[in-house]
Structure formats: C-alpha cells, structure tokens
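Attaching a single structure in structure tokens format; questions to follow.
Nothing in this text is a laboratory measurement; each read-out follows from the coordinates by a stated rule. None of the values given here were measured: they were computed from a predicted structure. All Cβ positions, even for glycine, are placed from backbone atoms using ideal geometry, and neighbour counts span all protein chains on display.
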Amino acid sequence: MIASTLTDRQKRERDYYNQYAELSKDSSQKVDISPVVNVIEGKETRPWNSYWAIYKFAIDNFNTGDKLLDFGSGPGENAFRLATIGYSVEGFDISEKNIELSKKLFTDQGKSGNFQVSSAETLPYPDENFNIIIGIDILHHVDIELSIRECYRVLKTGGKAYFREPVDVGILDRIRETKIVKFFAPKNTSFELHITEDERKLNSTDEKIINKVFPKMKKHYFFLFARFDKFYRRGSDPRPSVLEKLDYFLFKTFPFLKKLGGTVIYELEK
Ligand SMILES: C[S@@+](CC[C@H](N)C(=O)[O-])C[C@H]1O[C@@H](n2cnc3c(N)ncnc32)[C@H](O)[C@@H]1O
C-alpha cells in the first residue's frame, strides 16, 4: 500500500491505531479463546453477546479447508479465535503496528495466518477468494460503499459475510448527544475510551448502500439496556452481562423493540 495515496481519513485512522497498538500491545497478546472453544466443546453459548454471536456464525459455517478473511483485523485477537475454529485465516488492517502485533501473536502461539497492511477500500486479494468474511467494529471506520464493494468482490459466490457494527438509533442517539449525557459518558477522541476522530455509527443511508451491494441481507440485534453496562462494568469483564441477557429476551418477545438495538450483526450472502 502506498502511503501517499491514502485519504486524510485513512491517514488519521492509521496514525490513531498505530499509537493505540503501541499502548495496548501487552493486553492484545493474551487472547481469551473461550468464546469459540466453550461453544465448540458444548460447554457454554452466549447468544445475547454480539461478539460470541458473530463467532458462533463462523463456527456454524465452518467446513474443513475454508478460507476466512478477518476484515480490518486490528491486532489479530479475533483472527486468532477464528483460526482456533480451524479456518485458514487472512487479515488486513491500515495500521502497520496492528499488522505487526497480529503476526507476532500468531508466530508466538505457533498458529498460521496471513496478515498484510491494506485499506478496506482497495483490497489486495483476487475475486471470489474467501468462503467467509468476518468484520468486527470496522465498517464504521471506513468508506462503506467502497469497502462493501470490495468485500463482495473477494467473497465466493454463495459465501457469507458478517459484520458487527454500532448503529444509529434516532431518538436514543439524540439523547446520547445531549450535553448532560456527554458529561457523564464523553465521546471525544480518546485512547482511553477507544474513540477515533472519524468513526461514526452506521445509519439508514449506510444500510441502504450495504443492501444494494448485498441484496440478501439479514440483521441480528443487540444492545438496548446493555448501553448502561458501561457505567458499572469494565468493557473487558469476561462475565455474562445481565443487561445483554435482558435485551436478548426483550428482542425475542417484543420484536418491535429491535429498532432500538444499538448494535447489529449484518449477515450478508453473495
Ligand atoms: C475498532 S478497530 C477493530 C479492529 C478489529 N476488528 C477488532 O475487533 O479488534 C478498527 C480497525 O479499523 C482499522 N482501520 C481503520 N480505517 C481503515 C481502513 N480504511 N482500512 C483498513 N483498516 C482500517 C484500524 O486500524 C483498526 O484496527
């Protein structure tokens, strides 16, 4: 990838994540693989948690020899879990430091995986190359139209792509934007809060773009009352969240509440 061809947004994201990778390099090398191993061994599932849920889609779709692309693979933790399922995993990221961390993680743990520096908007893979694509917290950092077209191009016909993303929920996000709420839960660019200058939740226009490229689209909803978890739980707390369980129950029982879900897994089929 030629740095001079990057857009200003891509450069800002790259610079932010190069620094973020440096700050989190110790924790990102210790990967909890229970969200895949416990499910595969039949010990535990957490369908109410969007991360466990997206891994479960990967587990359910697995066939020996399948190639998986981790779309915007960050420091490689998700890729590591996905490789544990048995996939032949490739990943890309705009941050050179994240790619270094991914390579180190896989080498140190004796796992094979291919990682390269690339932007999501111009992928270095041939057409129809992957059986499945998993993207976690990535589309809200990139040019959605260009990236989703690339996703479609490199996915095999009949293959599926899953993206876990934060989405804009009209009224709730208007409340979220008020000064009083921002006082208690700031939204400024920050390494501590892991918020970049350019990230923004997906809205209905973004969704129409995704749906135009992938007419076969399903949505899975999460995160209604779990919004309040951040006030009393650490994001890295491995224990189940009571509020996530409550949301799962509410979405099943009262489907009209889904439109208030702040996190969506997009299930896309080519
Ligand atoms: C919130 S992180 C998610 C990373 C990873 N999927 C995970 O869950 O750990 C967003 C990632 O997007 C990457 N990124 C931002 N803009 C990008 C772009 N245009 N192309 C490729 N990667 C990009 C960043 O470097 C960062 O690693």
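When the Kirkwood radius is taken over all Cα pairs of the chain, what Stokes-Einstein diffusion coefficient follows at 37 °C and 0.692 mPa s, in µm²/s?
Diffusion coefficient, whole number: 171 µm²/s.
Next question. Determine Rg/Rh for the range 1-115; Rg is computed over alpha-carbon atoms and Rh is the Kirkwood hydrodynamic estimate from the same atoms.
We get a ratio of 1.01 for the range 1-115.
Give me the one-decimal nm value for the distance between modelled label points at Ile40 and Glu145, 7 Å along each residue's Cα-to-Cβ direction.
4.1
Which three extents, in whole angstrom, do the alpha-carbon atoms of the range 183-270 cover along their principal axes, largest first?
Computed over the range 183-270, the largest-to-smallest principal extents equal 39, 36, 23 Å.
Taking N as the number of residues in the range 118-269, what is its alpha-carbon radius of gyration divided by 2.2 N^0.38 Å?
1.13
Trypsin sites (Lys or Arg not before Pro), restricted to the range 35-130: which are DSSP loop and have at most 14 other Cβ atoms within 10 Å?
Hits after loop and neighbour filter: Lys43, Lys111.
What is the dipole size for the range 174-270, taken about its Cα centre, with +1 at each Lys and Arg Cβ and -1 at each Asp and Glu Cβ, in debye to the nearest 20?
340
Right, something else. Just how large is the dipole of the range 56-169 about the Cα centre, in debye to the nearest 20, putting +1 at every Lys and Arg Cβ and -1 at every Asp and Glu Cβ?
Dipole of the range 56-169, to the nearest 20 debye: 420 debye.
Looking at the square roots a ≥ b ≥ c of the eigenvalues of the Cα gyration tensor of the range 122-207, which shape do they give, rounded for a/c under 1.5, prolate if a/b is larger than b/c, or oblate?
Because a/c hits 1.5 or more and a/b exceeds b/c, the range 122-207 counts as prolate.
Okay, next question. So how strong a dipole does the chain carry about its Cα centre when Lys and Arg Cβ are +1 and Asp and Glu Cβ are -1, to the nearest 20 debye?
Roughly 880 debye for the chain.
Per residue of the chain, what 222 nm ellipticity follows from adding -39500 (n - 2.57) for every DSSP H run with n ≥ 4, rounded to the nearest 500?
So the helix-based figure for the chain works out to -11000 deg cm²/dmol.
While we're looking at this one, here's another question. When the chain is modelled as a GNM with alpha-carbon springs shorter than 10 Å, which of Ile85, Ile195, Ile210 fluctuates the most?
Largest GNM mean-square fluctuation: Ile195.
Which values of log₁₀ I(q)/I(0), to two decimal places, follow from the Debye formula for the range 95-170 at q = 0.13, 0.18, 0.22, 0.23 Å⁻¹ with a uniform point scatterer at every Cα?
Debye intensities relative to I(0), on a log10 scale: -0.47, -0.86, -1.15, -1.20.
Right, something else. Which residue, Ser112, Ser204, Ser34, tops the fluctuation ranking in a GNM of the chain built on C-alpha contacts under 10 Å?
Of Ser112, Ser204, Ser34, the most mobile in the Gaussian network model is Ser204.
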